[in-house]
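What follows is calculated from the coordinates using simple rules that are stated; it is not laboratory data. Computed from a predicted model, the values in this text were never measured in an experiment. Backbone-built Cβ (ideal geometry, glycine too); neighbour counts: all protein chains shown.
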């Protein structure tokens, strides 16, 4: 395990990647009979999880979900953030009783332990939680699931423990602040965000609370750009991704955190960092055009406000607890709506053959990061 320590100190492409040495305050720790790495702590520590659900209607969770929650006492995060899909809905045959039972199970496995540990929980709604898909008349196809999800989260005993800035349309659209970090959550459970909601996003990112924050992070379930096989198509990413990215860049958002593609990939496009979270529940996926094995993953985010690149990721294969090494991930991923670069690289770092490969898969315009 010590041989993998260096890979966890991930820098953006604009900062030299630091290297850990034997004098760095890090530890190989024995937990539950296994030794694994504890990264150096930042000013703020987040544990990021996503896609916890099993098959439709399931009230059971894979062992990795319970393992992640049980290990929080080891990582001691200041907050847990989730990229969505906390339950296993999005099926019209599920009864109201089944939908409520899933949220009860989520509460038992995830939310209640967090409340008992006094760990705030910031989350975005996923398509399996309460899909925002609409018919041609603008009616939500899963209105019942959305109502049940909203009722669960607005129950006072289910308070996620965050400091709200704006509960605008909680739990679908809201903002909160934590230790000089401004978080905005939008409903990325389907591909399109209505214009009135985008107007709210713009206003929220211009708020005094956002302007005074040292870091801005946006949470949404669907990623902006495709990274995973089987999800490389419209409807599986946010529509108008370039326009959304440009809007976030204009408001100096540092990172967009997403789930849905069931594959951990730290990337960037333009000035925006893109953290694609791995899956804890069922169905880890392969990267587009890659033969790397699919993995279940959890990411520890350490934030150092004074650093040129404030976010450092330490990501674990949750089956083995080994680190997922940055340099072993694809150098770029050519999704159908645009390529993204691994976060430690720039376009100039790609070889001519890599650039040609991307352009052959997509086009010159789509192969720009």
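Here are the numbers for this structure:
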quantity	calculated
Over the chain, volume per residue of the alpha carbon convex hull, in Å³	133 Å³
Within the chain, helix-based [θ] at 222 nm, where runs of 4 or more DSSP H residues each add -39,500 (n - 2.57), nearest 500	-5500 deg cm²/dmol
Tail fraction, Cα-Cα pairs, segment 183-275, threshold 20 Å, whole percent	30 percent
Quotient of C-alpha Rg and 2.2 N^0.38 Å, computed over segment 144-192	1.21
Bridge type composition, the chain - antiparallel percent by DSSP, nearest 5	65 percent
Long-range tail of P(r) for segment 95-217 (Cα pairs > 19 Å, %)	52 percent
Whole-number percent relative contact order across the chain, with pairs defined as alpha carbons under 8 Å at least 6 apart	18 percent
276, 268 arranged by Cβ crowding within 10 Å, fewest neighbours leading	268, 276
